[in-house]
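Notes follow the structure.
The values are calculated or read from the model by the stated rules, or taken from the named source; none is laboratory data. Since this is a predicted model, take the numbers as computed values, not measurements. Neighbour counts are summed over all protein chains in view; Cβ atoms, including those assigned to glycine, are modelled from backbone coordinates with ideal geometry. When the accessible area is computed, the model is the full protein with side chains, heavy atoms only, and any ligands, DNA or RNA have been set aside. Shrake-Rupley method; radii C 1.70, N 1.55, O 1.52, S 1.80 Å.
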Amino acid sequence: MRTWRLIRSFPPAVQVLLVNQLGVNTGFYLLIPYLAGYLGHDLGMSAVLVGVVLGVRNLSQQGLFLLGGSAADRLGARGVIVAGCALRAVGFGVFAFGTSLSVLLLASVLSGLAGALFNPAVRAYLTQEAGDRRAEAFSLFNIFASTGALLGPVLGSALLVAGFRLSAVVAAVVFALLTVAQVAVLPIRRVEPPTTSVLTDWRGVLTDRRFLAFTGALTGMFALQNQLYLVLPMQAERLTGWSGAVAVIFLVSTAATLALQVRITELFQRRWGRGTSIAVGLGLMGAGFVATAVATAVVPATPAAGVGEISARLAPVLVTALLLAFGVMLAQPFVYELIPSFGRPELSGTYFGVFYLVSGVTAAAGNALIGWLTDLSGDEWAWLPSTLCVLIGLCSALAVLALDRRGGIGPVRRTGESLCSPTSSAPTS
């Protein structure tokens, strides 16, 4: 009920953006997790070509976030969101009916470009519409995103029985409906004509030392969030020998987010400063991996026998998943709240674009490093990847604390205030 009341307290535009994120993640996870299998098994493509198609989609999205952010600032976030969702609908539709490599690459580029457009734009628009309640808005945003990430694979698994093409068509329809809803409901906001060039804006953001230091300190958050899809599934299957353990991890993580996200944000935005909250969240994310490090060091990699043994072996992984979820719930809303406060309000999209560009590169690099360490360590040193995650979380938390103490994490600028005007913010520790 508390979550529902909080949703109702926001204007319709914010509510539409929340439902939009639910639909975006549902449509995305309905299709993308099953794309590799479709390309390899149904179309008979080699592993190299499958990697190329998936890599082009990822590169098109991660590499163009800065472009999407600038487009949101200059053209208006609403139009960019609509264009991104429409492009995603077309891209997923092409996946449904295209079979040649050239057509599939086109679908990858379109769907990746779509994400590069609407991801920064949605957050910039939410920043504008939420005003001085950005942390609360982004906590709800996290709830809707997590719900979509859970519903998507479930729906995709059910549709896959009838074939991948049906899944792709349904995903395309989801994005088409989102496009129509945005055109109908999202209010048009007048955008002031820019007084500087795109390159000048990019140069300003990319030379903003406080923002770059803040983004760099958060590399641990980017890297650790992705271990929900890498380290935790691998450790769960290694400890239990049960493929269904992965679904349990996602279910527990999502259930915790739905139940606790709003309460955690409300509690800590009153009690702690933003820097302290983010640092503690990062520390929790890293500390959670102590459980899997210890478990993989002492539990042999043999299949578990019976429900009782499976539950016992899965428990450390679930502890890690829960602490990872708690850390994200604590840190992420305040991170998103702070990003636009580093620069002029009219550059919010560009700041989000740079932030997502760095996060994408860091997540890919972190996965590559942890994956390499996993292959290198084998069963004898299976605790090493989790130990590295502990160190990443600790170092990132300490970096945020150091930055906060030096004033690198400034107060949240409220709507309508200039960079030079006095501001009021939550008490700092």
(Q) Only one of Glu136, Glu237, Glu192 is without any contact (Cβ under 8 Å) to a residue 40 or more places away in the chain and among the acidic types (Asp, Glu). Can you tell me which? (A) Glu237
Q.
Among the numbered criteria (1) within 15 Å of the chain's Cα centre (by Cα); (2) modelled with pLDDT of 90 or more; (3) hydrophobic (A, V, I, L, M, F, W, C), which one does Leu391 miss?
A. (1)
(Q) Taking the conditions exactly as written (open to solvent by 10 Å² or more (accessible area, probe 1.4 Å), without any contact (Cβ under 8 Å) to a residue 60 or more places away in the chain and of a type in the set (A, V, I, L, M)), does Ala213 satisfy them or not? (A) no
Q: Could you tell me which residue of the range 302-317 is modelled with the lowest pLDDT, considering only residues that are among the hydrophobic types (A, V, I, L, M, F, W, C) and open to solvent by 50 Å² or more (accessible area, probe 1.4 Å)?
A: Ala305
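Tell me yes or no: at least one residue of the range 198-210 is at pLDDT below 90, over 18 Å from Ala89 (Cα atoms), open to solvent by less than 60 Å² (accessible area, probe 1.4 Å) and of a type outside the set (Val, Ile, Thr).
Just the residues of the range 198-210 that are at pLDDT below 90, to begin with: none.
Among the residues of the range 198-210, not one is at pLDDT below 90, over 18 Å from Ala89 (Cα atoms), open to solvent by less than 60 Å² (accessible area, probe 1.4 Å) and of a type outside the set (Val, Ile, Thr), which makes the answer no.
Results for (1) free of Cβ contacts under 8 Å to residues at least 60 places away in the same chain; (2) farther than 22 Å from Val317 by Cα; (3) crowded, with 23+ Cβ neighbours inside 10 Å, shown as yes or no for each residue.
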{"residue": "Ala259", "(1), (2), (3)": "yes, no, no"}
{"residue": "Leu267", "(1), (2), (3)": "yes, yes, no"}
{"residue": "Trp272", "(1), (2), (3)": "no, yes, no"}
{"residue": "Thr276", "(1), (2), (3)": "no, yes, no"}
{"residue": "Leu284", "(1), (2), (3)": "no, no, no"}
{"residue": "Thr292", "(1), (2), (3)": "no, no, yes"}
Q.
Show the residue pairs meeting these rules: Cβ distance below 6 Å; 6+ apart or different chains; first residue within the range 1-14 and at negative phi; second residue at pLDDT 85 or above and not in a helix (DSSP H, G or I).
A. Ala13/Leu186; Ala13/Pro187
(Q) Taking the conditions exactly as written (touching a residue at least 40 places away in the same chain (Cβ under 8 Å), small (Gly, Ala, Ser) and within 30 Å of Val248 (Cβ to Cβ)), does Ala181 satisfy them or not? (A) no
Q. Just one of Leu67, Leu104, Leu6 is open to solvent by 40 Å² or more (accessible area, probe 1.4 Å), of a type in the set (A, V, I, L, M) and either assigned to a helix (DSSP H, G or I) or in contact with a strand residue (DSSP E or B) (Cβ under 9 Å, 6 or more places away or on another chain) (or both); which is it?
A. Leu67
